[in-house]
1. At 1.4 Å probe radius, can you tell me the per residue accessible area of the range B:38-110 in Å²?
2. Which whole number gives the average, over all residues in A:63-74, of C-beta atoms from other chains lying within 10 Å of the residue C-beta?
3. Mind ranking B:276-285, A:10-19, B:26-35, A:30-39 by how tightly packed they are, going by the mean number of other C-beta atoms within 10 angstrom, highest first?
4. Probe of 1.4 angstrom, ligands and nucleic acids ignored: what's the accessible area per residue over the range A:27-84, in square angstrom?
5. Quick one: putting +1 on the C-beta of Lys and Arg, -1 on the C-beta of Asp and Glu, what dipole do you get for chain A around its Cα centre, in Debye to the nearest 20?
6. Put +1 on the Cβ of each Lys and Arg and -1 on the Cβ of each Asp and Glu in the protein assembly as shown; which of B:Val40, B:Gly51, B:Leu61 then has its Cα farthest toward the positive end of the dipole?
7. What is the Rg over Rh value, at two decimals, for the protein assembly as shown, using alpha-carbon atoms and the Kirkwood definition of Rh?
8. Given a 1.4 angstrom probe, I'd like the percentage of the accessible area of chain A that is carbon and sulfur, rounded to a whole number.
Amino acid sequence: MRTVDDSLFTDTPDGVALVGSRCADCGAHTFPRQGGCPRCTGDSMQDVPLARTGTLWSFTVQGFRPKPPYAGPPEFEPYGVGYVELPEQVIVEARLTESDPDRLWIGMPMVLELVPFRTDDAGTPVLTFAFAPAREEGR
Amino acid sequence: MSADVAIVGIGIHPFGRTPGVSGRRQAVVAARAALADAGVGFADLQFAFGGSHSAGDADTLVSELGLTSLPFINVANGCATGGSALISAYAAIMSGLHDLGIVIGFDKHERGAFNTDPAEHGIGAWYGETGLMLTTQFFGMKIQRYLHRTGMDAGVLTKIAAKAFRNGALNPKAWRRTPLSEAEIAASPMISHPLTQYMYCSPAEGAVALVLCRADRAHHYTDRPVFLRGATLRSRRYGSFEVFSPWLAIERADSPTVDAARAVFEQAGIGPDEVDVAQLQDTESGAELMHMAETGLCAHGEQDGLIAEGATEIGGRLPVNTDGGCIANGEPIGASGLRQVYENVLQLRGDAGAHQVPGGPRVGFTHVYGAPGISACTLLTR
Ligand SMILES: [Zn+2]
């Protein structure tokens, strides 16, 4: 398995999760990991797996093929992008598996997935993370 | 509070696309126009601050403007480059260090949306590779959240863009000079839901220069000085929602626009209710909507009513982006903030011609916003 950046992920009993930082002094979270705390300005950040489920905080749909450094497949399809609030941790930005704005709404339950993003020169699929509407509560 | 710094000369190179003319050349045109307006020569100046994002180092302009040994300091602060140059000039004069100087902002960008290297912002390469490093997405998501929060209808976005093109048509220095109907704007390609192509500004070209002096010497240069009563710059706080953010804090804080605007009104001793004309960052029409309230010019959720009654039109009680804003002028990053000040000087002098605010405006406000979450504001009076 190849991902866009292995340092973003960690394995948990529930499946792959994003890995962030948590400040041991004030409890602030970041994604991805970083050394300094943006909230209290300290430097006691520790790695922490982030929740795999959350709620959609805002969203849009990317309607045109971005310029480089975008490295997506040659055939462009609009893709959803959103911020997902992970309870009591942080709001993370991610691609969404849903690209129809009429099927997205602020507050909808979302779950983390690893999804194929592109194929590298050796033919190996490269995976990235995305949030999908949580099936049991989806419309 | 007494006014201590005056703007006594203004110059502009028309915005838009000028094939075959470099950004530096456009800066020289603007600088010579500002010098002529103030009735001074480059050799009379004691200092210069300037910058561009993509068109070269401002301090190299001396090879064309004159090798006079003046200190020329380059400013590189993204969309706040012009504002930061102006703050620097303000401080140089207020400190008593200098009496007379110039600020110059210019740029020339390639067509299409800006592409930015995540590494320059301390973000991993994956963020750009997977298609998240786009300012256009940020504005789509910020306005989506804002409309959800305030309950305003997305239809207001087409009205704001239509006003921009209407005002641009009245401004001979603007790039987009053809009015567009709300229907044409709504039907243009969807860039980043709910924002369509004609709701966005485009990267462009242009240059602006301003000659500034000690206020008590302003009448040596002009009989219609405009006073710079305040100039502020703020960066983001923990909990604000800014462009190029792989994550946001759950606890919410005010944007840098709120902080910069509050600070400039305090610095000037002027209230938001006294503003006669405002130039607000309209990277897209949602930005103008949000910035109207973030700057304190109105309350959150009040904007759609104001727009419906025509308050933000040139003849309204709160004219906004009277020169067509970024939507009609395009955005040459280094020049954009100074264009707003140029427009307000025209308005306060009564020289804005077809886009002049009636009734002799006395107080002009400007506001820029940009990556990585910065805002700069100014207040001018006559
Ligand atoms: Zn902390």
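The values are calculated or read from the model by the stated rules, or taken from the named source; none is laboratory data. No experiment lies behind these values; they were computed from the predicted model shown. So basically every Cβ, Gly included, is an ideal-geometry build from the backbone, and we count neighbours across all protein chains shown. These area figures cover heavy atoms from the full protein model, side chains too; ligands, DNA and RNA do not enter into them. Shrake-Rupley method; radii C 1.70, N 1.55, O 1.52, S 1.80 Å.
1. Value returned for the range B:38-110: 38 Å² of accessible area per residue.
2. Mean partner-chain Cβ count within 10 Å for A:63-74: 6.
3. Taking the mean over residues of other Cβ atoms within 10 Å, the ranking is B:276-285, B:26-35, A:30-39, A:10-19.
4. Values: 2490 Å² over 58 residues.
Per residue, the range A:27-84 has 43 Å² of solvent-accessible surface.
5. Working: 12 positive and 20 negative charges, 49 e Å.
So the dipole magnitude of chain A works out to roughly 240 debye.
6. B:Val40
7. Details: Rg = 23.6 Å, Rh = 23.8 Å.
Taking Rg over the Kirkwood Rh, I get 0.99.
8. Values: 3060 of 6720 Å².
Taking all protein chains in place, chain A shows 46 percent carbon and sulfur surface.
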